[in-house]
Amino acid sequence: MKNVLVIGSTGQIGSELTMKIRGLHPEGNVVAGYIPGAEPKGILLESGPAELADVRNAAQLAAIVDKYHIDTIYNLAALLSAVAERKPLLAWDIQMNGLLNILEVAREKGCAVFTPSSIGSFGPETPHVDTPQDTIQRPRSMYGVTKVATELLSDYYFHKYGVDTRAVRFPGLISNVTLPGGGTTDYAVEIYYAAVKGEEFVCPIAAGTYMDMMYMPDALKAAVDLMEADPSKLIHRNAFNIAAMSFDPEILRAKIQEYYPDFKMRYEVDPVRQAIADSWPDKMDDSCARAEWGWAPTYGLDEMTRDMIACLKKKFGIA
Ligand code: AKB
């Protein structure tokens, strides 16, 4: 991995992943791919090349791969779970037609491809505790449908054409650089912003709803480590369960109150997000990722909370 195209480089994951790969491969071209209206700014724009990269435009993607001799594509273009329920056809177009374009370009030009899956690829019939790597995947959200199809199509391109496709199933990702937009797990990011700004938090997910969560530095490490893993050790490819922590809103509230005892949270449960959350695992079993490519998280809830609060205080200039 030397010359890399990150599609969706200005999103929650992309804005940090692009910078991390640029740091790891200063000798390579690490292209920040974006769509109109989501142009890179600041350090992301200044530290390397940027190109319009709409997954629905195969010719545009092929031209970037040729221009920068791209060997690896990180495909982060997606509508998240709640917004995909509002715009299912657009979600299908971006997530499926877009993926097909990327896989075809990768097949023709010999690129490896990382297209993340998610806890959203599971559904109500999936075992919710210690969710196995290989289990029932019958999601009922459009996001989930596209994530299962992404896993299958990525495996198909590997088995049929030898395209080096690899992926993880991301938990809800908690970060402090770029906000997520339209996900079911977004509450676990927004709660920290509210606490640090001294605001009350209105939680859209009910007490007692457990979901897998992960701090962004671990998610970035997973994405890079998997793409650099020895392929001969990989029994699975699309996609590996990875886990770091599992909590419900009450546990998170209590953890934040260790830092802000006056922090207030009340519930206004969003039925769309709640139905999605109820269908997702409480806690995945990530033993295959650990065994096949050495996955291990660094951050638990304590370490993440300490770092989130410190980073957000700095971001907002709060002493
Ligand atoms: C979402 O909530 O939609 C995402 C995810 C877990 O895939 N953060």
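The values are calculated or read from the model by the stated rules, or taken from the named source; none is laboratory data. As the structure is a computational prediction, the values presented were derived from the model and not from experiment. Here the Cβ is made from the backbone with ideal geometry for all residues, glycine too, and neighbour counts use every protein chain on show. Heads up: the accessible areas ignore ligands, DNA and RNA and are worked out on the full protein's heavy atoms, side chains in. Shrake-Rupley method; radii C 1.70, N 1.55, O 1.52, S 1.80 Å.
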Restricting to the chain, compute how many DSSP beta bridges are antiparallel as a %, nearest 5.
10 percent
Using the Kirkwood radius over C-alpha pairs as Rh, can you work out the diffusion coefficient of region 1-104 via Stokes-Einstein at 37 °C, viscosity 0.692 mPa s, in µm² per second?
239 µm²/s
Sorted by accessible area with a 1.4 angstrom probe, largest first, how do ASP286, ASP278 fall?
ASP278, ASP286
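When only Cα pairs under 8 Å and 6 or more residues apart are kept, what is the percent relative contact order across region 179-315?
On the way: 167 pairs, mean separation 54.5, N = 137.
For region 179-315, the relative contact order is 40 percent.
Rounded to a whole number, what % of the accessible area of the chain do carbon and sulfur atoms account for, probe 1.4 Å? Present the calculation step by step, with values, prior to reporting the outcome.
Numbers: 7060 of 13060 Å².
Carbon and sulfur: 54 percent of the exposed surface of the chain.
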Based on a Kirkwood Rh over C-alpha pairs, give the Stokes-Einstein translational diffusion coefficient of the chain at 20 °C and viscosity 1.002 mPa s in µm²/s.
108 µm²/s
Name the lysines eligible as straight-distance cross-link partners of LYS313: C-alpha to C-alpha under 16 Å, and not fewer than 8 places from it in the same chain.
LYS197
Whole-Hz ³J(HN,Hα) for each residue in region 120-132, computed from phi via Karplus 6.51 cos²θ - 1.76 cosθ + 1.60 with θ = phi - 60°, x for glycine and proline: what do you get?
x, 7, 9, x, x, 7, 5, x, 7, 10, 6, 3, x
Say the dipole of region 138-279 comes from +1 at the beta carbon of Lys and Arg and -1 at that of Asp and Glu; which of ALA167, ILE191, THR150 then lies farthest toward its positive end?
THR150
For the chain, the per residue accessible area (1.4 Å probe, Å²) is 41 Å²
Let me check against my output: what whole-number percent is the relative contact order of the chain, with C-alpha pairs under 8 Å and at least 6 apart?
18 percent
Could you grab the relative contact order for region 53-195? Cα pairs under 8 Å, six or more apart, rounded to a whole percent.
26 percent
Exceeding the 19 Å Cα-Cα cut-off - candidates LYS41/LYS315; LYS67/LYS109; LYS41/LYS67; LYS2/LYS160; LYS87/LYS283:
LYS41/LYS67; LYS2/LYS160; LYS87/LYS283
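Given the Cα atoms of region 55-183, and with Rh set as the inverse mean 1/r over their pairs in the Kirkwood sense, what is Rg to Rh to two decimals? Spell out each step's value before the answer.
On the way: Rg = 15.1 Å, Rh = 15.4 Å.
Answer for region 55-183: 0.98.
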Which trypsin sites (Lys or Arg not before Pro) in region 270-313 sit in a loop by DSSP (not H, G, I, E or B) and have at most 12 other Cβ atoms within 10 Å of their own Cβ?
none
Förster radius 35 Å - calculated FRET efficiency between ASP93 and LYS197, Cβ distance, rounded to 0.05:
0.45
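Mind checking region 223-293 for chymotrypsin sites (Phe, Trp or Tyr not before Pro) that DSSP puts in a loop (not H, G, I, E or B) and that have at most 13 other Cβ atoms within 10 Å?
Values: sites: PHE240, PHE247, TYR259, PHE263, TYR267, TRP293; in loops: TYR259, PHE263.
Answer in residue order: no site qualifies.
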Considering only protein heavy atoms, with the full assembly of protein chains and a 1.4 angstrom probe, order ARG140, ARG169 by accessible area, largest first.
ARG140, ARG169
Mind telling me which of ASP186, ASP134, ASP54 comes out most flexible in a GNM of the chain, alpha-carbon contacts under 10 Å?
ASP134
